[in-house]
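Heads up: the structure comes next, in structure tokens.
The values are calculated or read from the model by the stated rules, or taken from the named source; none is laboratory data. Bear in mind that the values here come from a model prediction, so they are computed numbers and not experimental data. Neighbour counts run over all protein chains shown; Cβ positions are idealised from the backbone, glycine included.
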Amino acid sequence: MEKYWPYMLQTLEELLAIPSPSGYTYQANGYLSQQLDELGISYSTTAKGAIVAAVPGVDTENQRIISAHVDTLGGMVKEIKSNGMLKLTNIGGLGWANVEGENCTVITSSGKEYTGTLLLNKASAHVHGADTATSERKADTMQVRLDEKVSCKDDTRKLGIEVGDFVAFDPRTRVTSSGFIKSRHLDDKAGVAVILGILKAIQEQKIQLPCTTHFFFSNFEEVGHGASAGIPAGVKEMLCIDMGAPGEGQQSDEFSVSICAKDSSGPYSWSMKERLVKLCKDSDIPCQVDIYPFYGSDASASLRAGHDIVAGLIGPGVDASHSYERTHKDSIIATANLSFAYVQSEF
């Protein structure tokens, strides 16, 4: 899959530039639809807004599905304050300390967008002294400073900003000469780029898959119910491409594909985990098996919803998850290589 790295990187960068907090993935879905149209892949959209592409295979009874989610963490306007600033509520597991000082975009119901910065209420050390350093970072102590001339609630409302408007944080994407990709929202747009790379390889190489395989682009994963619905009938097995989480006590790294044995929802399929490890060994794909105690995925959401499927979870190692994240080209390619080997393997 290294041949398809330029395409995967291009789609990743383009996706990262599109705001898509959970509940507002319309622009990202439009981008995905365009890519699938260009690849000649048929797809449908669920009532909830997930895109499901399909590639026919030899076996039409025992089908597979591969998922990744396009939605990200974000915010929503909770209150327009008396000073014209915005108090937010978080979308997904957003930690306020992780986005302090980050630029953001407020998306109004009319479609007009305004930029701003999320700051501590007492952001100026020259005004508030030690309080700036010691204040707890939480929704009540932080606000969006709009890049508009506003000084009261009415000023802000005249711009068309209202409670319930989505707020997207800037990704600040950087690609280094050493192969690192630094950005917010690599979780899980890196996984989406992997799926698009696989689909491109299947089409260009005219590969006949052993079974009909669906590709599920989830849009509510960060809030826990992404793949709980919309799984096509006939699916017996699910591979979720999300992210590995390197850190203290973890085996995952930024240069291998991570294979999750267990997360907060419990163990994934032992037999599928063993098959994935064997595929890596047989094809010399660098991999790490790991456990994530503070993690859930679209695969676990699907299982909780009652789908009778075998489920596995893999992904590139993404450092500093839910913060300013980083991964490496090698990890994305390893994930793509394992995923590509998987779709061509027999049940």
Only residues that are out of contact with any Leu (no Cβ under 6 Å at 6 or more places or on another chain), surrounded by 15 or more Cβ atoms within 10 Å (Cβ to Cβ) and aliphatic (A, V, I, L, M): list them for the stretch 143-166, please. Leu146, Val150, Leu159, Ile161
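To keep it simple, each residue is scored yes or no on (1) in the same structural domain as Phe220 (by TED's automatic domain parsing); (2) surrounded by fewer than 16 Cβ atoms within 10 Å (Cβ to Cβ); (3) within 21 Å of the chain's Cα centre (by Cα); (4) in contact (Cβ under 8 Å) with a residue 40 or more places away in the chain.
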| site | (1), (2), (3), (4) |
| --- | --- |
| Ser265 | yes, no, yes, no |
| Tyr268 | yes, no, yes, yes |
| Lys273 | yes, no, no, no |
| Asp298 | yes, no, yes, yes |
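Residues are listed down the side, and each one gets a yes or a no for (1) in the same structural domain as Ser339 (by TED's automatic domain parsing); (2) in contact with a helix residue (DSSP H, G or I) (Cβ under 6 Å, 6 or more places away or on another chain); (3) under 29 Å from Val175 (Cα atoms):
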{"residue": "Ile18", "(1), (2), (3)": "yes, yes, yes"}
{"residue": "Gln34", "(1), (2), (3)": "yes, no, yes"}
{"residue": "Thr45", "(1), (2), (3)": "yes, no, no"}
{"residue": "Val58", "(1), (2), (3)": "yes, no, no"}
{"residue": "Ala97", "(1), (2), (3)": "no, no, yes"}
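Any idea which of Ser269, Ser252, Ser297, Ser264 is hydroxyl-bearing (Ser, Thr, Tyr) and farther than 22 Å from Ser218 by Cα? It would help to see each step written out before you state the result.
Working: Ser269 fails: farther than 22 Å from Ser218 by Cα; Ser297 fails: farther than 22 Å from Ser218 by Cα; Ser264 fails: farther than 22 Å from Ser218 by Cα.
Only one candidate qualifies: Ser252.
Where in the stretch 251-347 are there helices (runs of 4 or more DSSP H), lying wholly inside it, with at least 2 residues that are out of contact with any helix residue (DSSP H, G or I) (no Cβ under 9 Å at 6 or more places or on another chain)? So that I can check it myself, show each step before the final result.
Numbers: elements: 270-282, 298-304, 329-343.
Helices (runs of 4 or more DSSP H) meeting the threshold: 270-282, 298-304.
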Among the residues of the stretch 44-68, count how many are touching a residue at least 24 places away in the same chain (Cβ under 8 Å), in a strand (DSSP E or B), more than 19 Å from Lys189 (Cα to Cα) and under 22 Å from the mean Cα position of the chain (by Cα). 2
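For Pro316, state whether it is under 26 Å from Gly95 (Cα atoms) and within 16 Å of the chain's Cα centre (by Cα).
Values: under 26 Å from Gly95 (Cα atoms): yes; within 16 Å of the chain's Cα centre (by Cα): yes.
When the stated conditions are applied, Pro316 passes them.
Of the residues Thr156, Thr132, which single one is outside the structural domain of Leu32 (by TED's automatic domain parsing), closer than 15 Å to Lys87 by Cβ and either in a helix (DSSP H, G or I) or touching a residue at least 60 places away in the same chain (Cβ under 8 Å) (or both)?
Working: Thr132 fails: closer than 15 Å to Lys87 by Cβ.
Result of the check over Thr156, Thr132: Thr156.
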Out of (1) out of contact with any strand residue (DSSP E or B) (no Cβ under 6 Å at 6 or more places or on another chain); (2) part of a strand (DSSP E or B); (3) not assigned by TED's automatic domain parsing to the domain that holds Leu12, what's the single condition that is false for Cys104? (1)
Answer yes if at least one residue in the stretch 52-67 is at pLDDT 95 or above, touching a strand residue (DSSP E or B) at 6+ places or on another chain (Cβ under 8 Å) and closer than 25 Å to Asp165 by Cα, and no otherwise. no
Quick one: what pairs do we get from the stretch 75-103, first residue closer than 22 Å to Ser151 by Cα, second among the acidic types (Asp, Glu), C-beta under 7 Å, 6+ apart or different chains? Met76/Asp165; Val77/Glu162; Val77/Asp165; Gly84/Asp155; Lys87/Glu79; Glu102/Asp170; Asn103/Asp170
Restricting to the stretch 189-233, count the residues that are assigned to a helix (DSSP H, G or I) and either without any contact (Cβ under 8 Å) to a residue 24 or more places away in the chain or over 23 Å from Gln344 (Cβ atoms) (or both). 5
Mind listing whichever residues of the stretch 196-230 are surrounded by fewer than 23 Cβ atoms within 10 Å (Cβ to Cβ), within 17 Å of Ser42 (Cα to Cα) and β-branched (Val, Ile, Thr)? Ile202, Ile207, Thr212
Looking at Gly224, Gly234, can you tell me which residue is farther than 23 Å from Thr105 by Cβ, more than 22 Å from the chain's Cα centre (by Cα) and of a type in the set (Gly, Ala, Ser)? Gly234
Across the stretch 72-96, the tally of residues that are part of a strand (DSSP E or B) and crowded, with 18+ Cβ neighbours inside 10 Å stands at 11
